[in-house]
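Contents: one structure, followed by commentary.
Laboratory data are not the source of any read-out in this text; all were calculated from the coordinates shown. Nothing here was measured: the structure is a model prediction, and the numbers come from that model.
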């Protein structure tokens, strides 16, 4: 869970529990608890959208290079740089 989601859930529960005792209705408590906690929900949604956009810009795929057991996450450009002839990394034979 992201830190923004945790903050939203914490604020929501803090508001929801007292409202549950006042209204004696789970549905009304759930709706009314969203009023003070909606800014945190909005921040969480916007941060996730930004995260997804960054992932689309720079996608990284898992690769196991050589005899290694370590999985490395590289973009296509990083992979091409890794296998350029003359570097210390393994050279690709075509």
Full-stretch length increase - residue 21, residue 50 - with 0.36 nm per residue and alpha-carbon distance subtracted
6.7 nm
By how many nm would the segment from residue 64 to residue 83 grow when fully extended, if each residue of separation counts as 0.36 nm and the alpha-carbon distance is taken off?
5.5 nm
